[in-house]
């Protein structure tokens with residue numbers, strides 16, 4: 001006997017899909033902006049690209065994880081700099097001041113619980129509308 005009220009199978013669920021990271025990154029029109037490409041548990045997976053420097057800032061409510069795809073990202077901390085290249089991952093603990101810097105266009109993934117693409121999240125004024 002068939003149950004017409006049953007839920008769709010996981011395989012047919014529209015939320016389950018493949019994401020092209022290069023395509024998502026190429027669609028970004030502003031440096032230091034973020035685009036959510038997925039969510040796992042309570043973590044947002046966001047692609048971003050940067051050039052130049054953000055503002056010094058911290059996230060009091062969350063850790064921020066960077067995974068670099070291309071370019072070089074220097075995460076300045078008050079006591080040291082952490083240099084990240086393609087394939088490198090770094091977690092900035094919540095409450096730690098940081099200032100990410102990219103001398104050339106750098107593309108990366110950010111994992112965190114909220115979107116921080118604004119001045120409070122370190123985004124510089126000049127980056128709005130940059131290509």
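The values are calculated or read from the model by the stated rules, or taken from the named source; none is laboratory data. Nothing here was measured: the structure is a model prediction, and the numbers come from that model. Cβ: placed from backbone, ideal geometry, glycine included. Neighbour counts: every protein chain shown.
Is it the case that residue 17 is more than 22 Å from residue 86 (Cα to Cα) and modelled with pLDDT of 90 or more? Answer is no for this residue. Looking across the stretch 59-98, the residues that are crowded, with 18+ Cβ neighbours inside 10 Å, in contact (Cβ under 8 Å) with a residue 40 or more places away in the chain and outside any strand (DSSP E or B) come down to 59, 62. Take the conditions (1) more than 12 Å from the chain's Cα centre (by Cα); (2) modelled with pLDDT under 95; (3) over 17 Å from residue 30 (Cβ atoms); residue 88 misses just one of them, which is (2). Go through the stretch 99-116 and give me each residue that's buried (at least 16 other Cβ atoms within 10 Å of the Cβ) and not in a loop (DSSP other than H, G, I, E, B). The answer is 99, 100, 101, 102, 106, 107, 108, 109, 110, 111, 112. Of the numbered criteria (1) at pLDDT 95 or above; (2) more than 11 Å from residue 110 (Cβ to Cβ), the one residue 47 fails is (2).
Count of the stretch 27-58 residues, restricted to those that are in contact with a helix residue (DSSP H, G or I) (Cβ under 9 Å, 6 or more places away or on another chain) and not in a strand (DSSP E or B), is 6.
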